[in-house]
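The values are calculated or read from the model by the stated rules, or taken from the named source; none is laboratory data. These numbers were taken from a predicted model, which means no experiment stands behind them. Positions of Cβ are backbone-derived with ideal geometry, glycine not excepted, and every protein chain shown enters the neighbour counts.
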């Protein structure tokens, strides 16, 4: 995944809270033990994102960073369509309610990015580019550290 900034492509610094890192690492471990081949590619992508993420204390995460259970407004740069998603753990996912699993490709892509970043990743139909227009709700900025 890359972030587009003007004409340059750069790897964005992504941020993850200590609590989210612990929960997500456990999720990857358990999912891999239950069925090593199920969702392998999504688990691998999530592991890669966790490896490159900068870990911060929940109270220290900037308010415009997408953390677990953040609600965000994104704009598809290819179509102009705007969408609102809440990034959740797999058991909480409900597409009709806009709750996207962190193991879904768009969920993995969103984690740790900030308002203004453009997220780019490969999908079967080509490259998808979404701009983070606004973080509507972030648990940590509201003092909700233990959801």
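Could you list, in sequence order, all residues of the range 46-57 that are outside any loop (DSSP other than H, G, I, E, B) and either farther than 19 Å from residue 116 by Cα or touching a helix residue (DSSP H, G or I) at 6+ places or on another chain (Cβ under 7 Å) (or both)? Can you show your working first?
Keep residues of the range 46-57 that are outside any loop (DSSP other than H, G, I, E, B), which gives 46-52, 54-56.
Selection gives 46, 47, 48, 49, 50, 51, 52, 55, 56.
Here are some conditions: (1) over 26 Å from residue 29 (Cα atoms); (2) free of Cβ contacts under 8 Å to residues at least 12 places away in the same chain. Residue 94 meets all but one. Which one does it not meet?
(1)
Count, please, the residues in the range 58-70 that happen to be surrounded by 17 or more Cβ atoms within 10 Å (Cβ to Cβ) and farther than 24 Å from residue 26 by Cβ.
The first filter runs over the range 58-70 and keeps only residues surrounded by 17 or more Cβ atoms within 10 Å (Cβ to Cβ), leaving 58, 61, 64-70.
Within this subset, residues satisfying the condition of being farther than 24 Å from residue 26 by Cβ are 64.
Counting residues in the range 58-70 that are surrounded by 17 or more Cβ atoms within 10 Å (Cβ to Cβ) and farther than 24 Å from residue 26 by Cβ gives 1.
Would you point out which residue out of 29, 33, 25, 41 is closer than 15 Å to residue 112 by Cα and modelled with pLDDT of 60 or more? Before the answer, list the steps.
Numbers: 29 fails: closer than 15 Å to residue 112 by Cα; 33 fails: closer than 15 Å to residue 112 by Cα; 41 fails: closer than 15 Å to residue 112 by Cα.
Going through 29, 33, 25, 41 in turn, just one is closer than 15 Å to residue 112 by Cα and modelled with pLDDT of 60 or more: 25.
Looking only at the range 58-79, how many residues end up being over 17 Å from residue 115 (Cα atoms) and either modelled with pLDDT of 95 or more or in contact with a strand residue (DSSP E or B) (Cβ under 7 Å, 6 or more places away or on another chain) (or both)? Walk me through how you get there before you give the answer.
Filtering the range 58-79 for residues over 17 Å from residue 115 (Cα atoms) gives 58-59, 78-79.
Filter once more, keeping what is either modelled with pLDDT of 95 or more or in contact with a strand residue (DSSP E or B) (Cβ under 7 Å, 6 or more places away or on another chain) (or both): 58, 78.
Of the residues in the range 58-79, 2 are over 17 Å from residue 115 (Cα atoms) and either modelled with pLDDT of 95 or more or in contact with a strand residue (DSSP E or B) (Cβ under 7 Å, 6 or more places away or on another chain) (or both).
Working only within the range 1-22, note down all residues that are at pLDDT 75 or above and outside any helix (DSSP H, G or I). Before the answer, list the steps.
Within the range 1-22, the first condition is being at pLDDT 75 or above, and the residues that meet it are 13-22.
If the condition is that a residue be at pLDDT 75 or above and outside any helix (DSSP H, G or I), then 13, 14, 15, 16, 17 are the ones that fit.
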